[in-house]
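To start, the structure under review is shown below, and the notes come after it.
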């Protein structure tokens, strides 16, 4: 092993110190930037409305609000859902759909008279029960878990649904 | 008089003092006067101006971007209002925003012209491979700026574009969901999303762009501007540098012998951008962003429309591959160009494959853009109405059918006499094509992209509707 000469040693020290500085500052910055990836996804049930607000056989647009939104979030803390009342009571009482088309996420639009959901982006069509009636969607509309508590309808919060889920 | 003459000498004295203290003569001025091939004095020199024109528009984008950032509030609850203020109330705000908008389009166009010229002139070959690679990264930066900039408009379409972008990112293998979360900065589009796009658009990508422009210009000066190609005279790696030195030996200084053309074209481009901004202006904002308002038609600005159309037209099963794979393939190809073809023939007339490699994607993308402008696959959600020329004089039952045609959303996807959507077949003369039984079966049972309406049409309604459609011979 040849002994380190003075200049090689000083060069290495300089490079090492520079890397150290970048690391020291970089770790907290990267940690802060990537934090959203490691945050637990929203969970738990939030209230939608009174059960009585939903007439039998009707599909209705509702919105729920993020439970702890950032103060400046404005309307982005809201999420829209399509709620379909199927029966008077029981486990088949409701179907709750995310508004996002399963193709690329655009909001689907309920045509009450024709009883279909139409997507404005690429023309995806779904029947009232969320199954695909035509167009590019690869799967039925994403559904949310729901439960009835007293006279209220609650739905489970969830991240933006993507094609990989479900 | 001598006093005045003395005052008149002051600017020159200041200039020579600065020149002496900064030693400009052998730094900045020497770089500006670097020799370029003498051929650039001829009309062929007009082909060498597009890089400079892009740089000029980039400076315009930085200046107008800083101006917009003085007023724009990158918070989800205020961004829309601040943009409305810029567009309608701020003094010259609409013009500044218009310049930034048309400047963005000009950047995309000029970068593509510049790259096409460099490619067809074979200027990416030895020893200028790194120029091409740094330029390819700059193309990426320009496209990323164009995309993130559109989202800062923060209207209904911008909001849903972010959702669509996240859904597209989610289609990437393995890291898809991870990418989607990174795009929206959390589990959903929300309070954290807009500030991320803002910081990316005004700090991250511009910082990278400044760095890349530095590298690109350094290489342009170090490697020298390529001589116009001569058919039959290829690049030979053993002899090229010596030959190029001889070319520069009888060359002309870039400043001002060649630079004046760059200035002329830059002026033309910036004048066009400013005139368009003043006359047409930036696109009006759509509805304010509201996730609970499900009427949206998110479509990108014109230079991304072709890609948007592609996603509508390909078979759904291939989407995961096309959304991620096609752009990836295009950029991998760009990066491989100087590595696979570093020497040999430069002149386009002897590189038919190179001409095809430029022409085919351009033609394909132009056709896709036309398709994107027309978007026949989009169902019409608002304004359902048939012209009176169709409804006038109908028997009562057919008239009821005509009402059902709009009420039951047939109109959203089918045209009659030019009114209605174009997703499904034109029904202007449907009775001439189908028997009544086939018509009933198709409406009730659906098929071939058409939903089945048996569940939403009563037997009498189905009868009324077919009676109406049967008047269309």
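For the peptide A:54-64, the mean number of other protein chain Cβ atoms found within 10 angstrom of a residue's Cβ is 1. Each of B:41, B:461 was scored by other Cβ atoms within 10 Å of its Cβ. Arranged with the fewest first, they read B:41, B:461. Dimensions of the range B:220-348 based on its C-alpha atoms, expressed as ranges along the principal axes with the largest first, amount to 68, 44, 24 Å. Fewest-first ordering of B:155, A:53, A:88, B:236 by other beta carbons within 10 Å of each residue's beta carbon gives A:88, B:236, A:53, B:155. Ranked by the mean number of other Cβ atoms within 10 Å of their residues, highest first, the peptides A:123-136, B:10-23 come out as A:123-136, B:10-23. Extension gain, residue B:333 to residue B:10, is 110.7 nm, computed as 0.36 nm per intervening residue step minus the present C-alpha separation.
Need one value for B:71-83: mean number of C-beta atoms belonging to other chains within 10 Å of its residues' C-beta atoms.
2
Calculate I(q)/I(0) for the range B:112-173 by the Debye formula, one identical point scatterer on each C-alpha and no solvent, and give its log10 at q = 0.14, 0.25, 0.29 Å⁻¹ to two decimals. Log10 of I(q)/I(0), two decimals: -0.60, -0.97, -1.15.
Can you give the direction-averaged projected area of the convex hull of the alpha-carbon atoms in the range A:10-96, in nm²?
Averaged projected area of the range A:10-96's Cα convex hull equals 9.1 nm².
As an exercise, find the ratio Rg/Rh for the range B:56-102 from alpha-carbon atoms, using the Kirkwood inverse-distance average for Rh. So for the range B:56-102, dividing Rg by the Kirkwood Rh gives 0.98. The value of relative contact order for chain B, using C-alpha pairs under 8 Å at least six residues apart, is 20 percent. Volume of the convex hull of the range A:45-156 (Cα atoms only), normalised per residue: 109 Å³. Kirkwood Rh over Cα pairs of the range A:56-107 into Stokes-Einstein at 4 °C, 1.567 mPa s: D in µm²/s? After rounding, the answer is 102 µm²/s.
Within the range B:1-155, the proportion of Cα pairs with more than 28 Å between them is 48 percent. Taking chain B as the reference, fit the longest principal axis to its C-alpha atoms, fit the long axis of helix B:93-120 to the helix C-alpha atoms, and give the angle between the two in degrees, 0 to 90, nearest 10. So the helix axis and the longest Cα principal axis differ by about 70 degrees.
What length, rounded to one decimal in nm, is gained on full extension from residue B:367 through to residue B:454, with 0.36 nm per residue of separation minus their alpha-carbon distance?
Using 0.36 nm per residue and subtracting the Cα-Cα distance, I get 27.5 nm.
Among A:68, A:18, A:149, the largest mean-square fluctuation in a Gaussian network model of chain A (Cα springs under 10 Å) belongs to A:18. Compared with the dominant principal axis of the Cα atoms in chain B, helix B:10-22 is inclined by about 90°.
For the residues of A:142-155, the average number of beta carbons from a partner chain within 10 Å of their own beta carbon is 0. In the protein assembly as shown the Cα-Cα distances spread across 10 Å bins starting at 0 as 3, 12, 19, 21, 18, 13, 7, 4, 2, 1, 0 percent of all pairs. Measuring nothing but how far apart in sequence close Cα pairs (under 8 Å, 6+ apart) lie, relative to its length, the range A:45-156 scores a relative contact order of 26 percent. Normalised by residue count, the range A:116-157 yields a Cα convex hull volume of 96 Å³ per residue. Springs join every pair of Cα atoms under 10 Å in this Gaussian network model of chain A, and among A:67, A:147, A:75 the largest mean-square fluctuation is at A:75. Counting other Cβ atoms within 10 Å as a rough exposure proxy, the listed residues B:129, B:227 run B:129, B:227 from fewest neighbours to most. Building the convex hull from the alpha-carbon atoms of the range B:281-399 and averaging its projection over directions returns 14.9 nm².
Compared with the dominant Cα axis of chain A, that is its longest principal axis, helix A:6-38 is turned about 10°.
Give the dimensionless ratio obtained when the Cα radius of gyration of the range B:286-348 is divided by 2.2 N^0.38 Å.
1.74
Over the range B:187-262, what portion of Cα pair distances is larger than 19 Å, expressed as a whole percent?
Roughly 61 percent, once rounded to a whole number.
Taking only C-alpha pairs under 8 Å that are 6+ residues apart, what is the relative contact order of the range A:1-102 in percent?
About 17 percent, as a whole number.
Ellipsoid fit via the Cα gyration tensor, chain B: semi-axes of 55, 29, 21 Å, each the root of five times an eigenvalue, largest first.
Taking Rh as the Kirkwood radius computed over C-alpha pairs, what is the Stokes-Einstein D of the range B:388-469 at 4 °C in a medium of viscosity 1.567 mPa s, expressed in µm² per second? Approximately 102 µm²/s, per Stokes-Einstein. Over the range B:1-73, the alpha carbon radius of gyration divided by the compact-protein estimate 2.2 N^0.38 Å works out to 1.77.
Bear in mind these aren't lab numbers, they're just calculated from the coordinates by the rules spelled out. Since we're looking at a predicted model, the values are computed, not measured. Because the Cβ atoms are built from the backbone with ideal geometry, glycine has one as well, and the counts that use them run over all protein chains shown.
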